[in-house]
Amino acid sequence: MAIAQSAATAVSSAARASRPRPTRAAPRRIAASSVALPEPAARRLVAAFDPAVPLASAVTPPSGWYTDPDFLRLELDRVFLRGWQAVGHIWQVKNPSDYFTGRLGNVEFVICRDANGELHAFHNVCRHHASLLACGSGQKTCFQCPYHGWTYGLDGVLLKATRISGIKNFNKNDFGLIPIKVATWGPFVLANFDSGFSQETADNAVGDEWLGSASDMLSRNGIDALLPHICRREYIIECNWKVFCDNYLDGGYHVPYAHGALASGLQLQSYETLMYERVSVQRCESVQAEKNDFERLGAKAIYAFVYPNFMINRYGPWMDTNLAVPLDATRCKVIFDYFLDKSLTYNQNFIESSLKDSEQVQMEDIALCEGVQRGLESPAYSVGRYAPSVEMAMHQFHCLLHANLSGDCQLRDIASSRELGLDEEQREEREKSTQQPWLQEHKSADHR
């Protein structure tokens, strides 16, 4: 796999020695709610879905999974604040002093790269009176609180505490920023808000912990750090975050009905789904474009869903990612980042045309998702059914959620080779067939 490397700014050993070393405060998982145990209604909603029922006989989770505020609080605590979460990409912190901020539930965080090139993540909260320290993204040599001027280095050390003469029982080394575990995989920046800080091993373990056995397959299929970032687009959607994920995971079921232009460029009969422990991969072949024409979709496309809320789409020379961030029980923000093969970054007409086509698909999906949310809030709907031949990835998503929400940490691959009727050799053959021909094409082609 390709892990992003940023060149560290050279500093002398004497300068490093003179810099105070950060004292890492013992990290703690920040609860999404002040209630230690889930509300009874949320527990009942979790229990209303039975992951043991086979897909062909299963019903979908009840509508309360998508409308209940207490259920969302439980999700934030047991799903989002445990394990690795995608929070950004390496181009946001490419250089020393780069930083960006974000929010997940009630956790405010900042990701930064210090003068030595080391990547850090912290709770974006001043240790004095809880003001947020930074906002947006950009470059800073330090974080100065806008409230009272307390100042922190990009390594989290408290450098300056203003007007504290006379204070007693105060050790500046005890008031550094609260750290968060951070790592990169390919072009993605990941954070882990759970307890048990072990930053030294984060990069080595993140691929297996985040992606499981899908890690190698994704890295072989062009999910790497080599594609330049083109742009970011954000959408506030009036639906629960899971509605957006469900829409992504229906195995192309909705494509011919909702995305006419996109469907015309795909061979929908070739659509298939592969599933791993916490990842599902949908793939589809494209209709061949005229020779010498720039192809947005390429020969094949893969659509990878990484539990719980991150989507990676690799097609032709493009890769885009979708991150569905819950805002409240019935609203989410979806962040799209677009990456493009370096040989085409000069072609503005191609970029603008591709982004226009993508925007059309997003508008169509937003209309679908907001319509579904309104239906979920209707008294006429409680549970639905799965289409067994195409919605297996959606079912897997719901089963993984149930495992987290019910406290069952034994997350299993519910779509093992045995359950799919494949032996090990057949599964390996299917994985090999997902490798994309455009990887070699765009490596050697000169479009200039």
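Amide H contacts under 5 Å for S131: C126, restricted to partners 5 or more places along the chain or on a different chain, H placed in the peptide plane at 1.01 Å from N. Between S195 and T345, the FRET efficiency estimated from the beta carbon spacing at R0 = 41 angstrom works out to 0.50.
Sequence-ordered 3J(HN,Hα) estimates for the range 352-365 from the Karplus curve with 6.51, -1.76 and 1.60 and θ = phi - 60° stand at 5, 5, 5, 5, 5, 4, 5, 4, 4, 4, 5, 5, 5, 5 Hz, glycine and proline given as x. Rg over Rh for the range 38-161 works out to 1.16, both radii taken from alpha-carbon positions and Rh defined as the Kirkwood radius.
Selection among L262, S286, L227 by position relative to the dipole of the range 220-406 gives L227 as farthest towards the positive end (Cβ unit charges, Cα centre). At a 1.4 Å probe, what is the % contribution of carbon and sulfur to the accessible area of the range 220-406? Its accessible area is 51 percent carbon and sulfur atoms.
Using a probe of 1.4 angstrom and keeping all protein chains present, the accessible surface of the range 220-406 works out to 39 square angstrom per residue.
Its convex hull of Cα atoms gives the range 220-406 a direction-averaged projected area, equal to a quarter of the hull surface, of 11.4 nm².
In this simple spin-label approximation, S389 and V361 carry label points 7 Å from Cα along the Cα→Cβ vector, and these lie 2.3 nm apart. Placing pseudo-labels 7 Å out from each Cα toward the beta carbon at A261 and H129 gives an inter-label distance of 5.2 nm.
Based on C-alpha pairs under 8 angstrom that are at least 6 apart in sequence, the range 220-406 has a relative contact order of 29 percent. Given their separation in residues at 0.36 nm each and the Cα-Cα distance between them, A205 and E370 gain 55.6 nm when the chain is fully extended. Taking θ as phi - 60° and the Karplus parameters 6.51, -1.76 and 1.60, the scalar couplings of the range 55-64 work out to 3, 5, 10, 6, 9, 6, x, x, 4, x Hz in sequence order, x denoting glycine and proline. Close amide H pairs (under 5 Å, H built 1.01 Å from N) link E272 with R283, residues at least 5 positions away or on another chain.
Dipole magnitude for the range 220-406: about 320 debye, using +1 per Lys or Arg Cβ and -1 per Asp or Glu Cβ, origin at the Cα centre.
In loop segments of the range 72-169 as defined by DSSP, the trypsin sites (Lys or Arg not before Pro) with at most 12 further C-beta atoms inside 10 Å of their C-beta are R163, K168. When both the range 132-146 and the range 225-239 are represented by their alpha-carbon centers, they are found 22 Å apart.
The values are calculated or read from the model by the stated rules, or taken from the named source; none is laboratory data. All values derive from a computational prediction rather than experimental measurement. For neighbour counting, all protein chains shown are included, and Cβ atoms are generated from backbone atoms with ideal geometry for every residue, glycine included. These area figures cover heavy atoms from the full protein model, side chains too; ligands, DNA and RNA do not enter into them. Shrake-Rupley method; radii C 1.70, N 1.55, O 1.52, S 1.80 Å.
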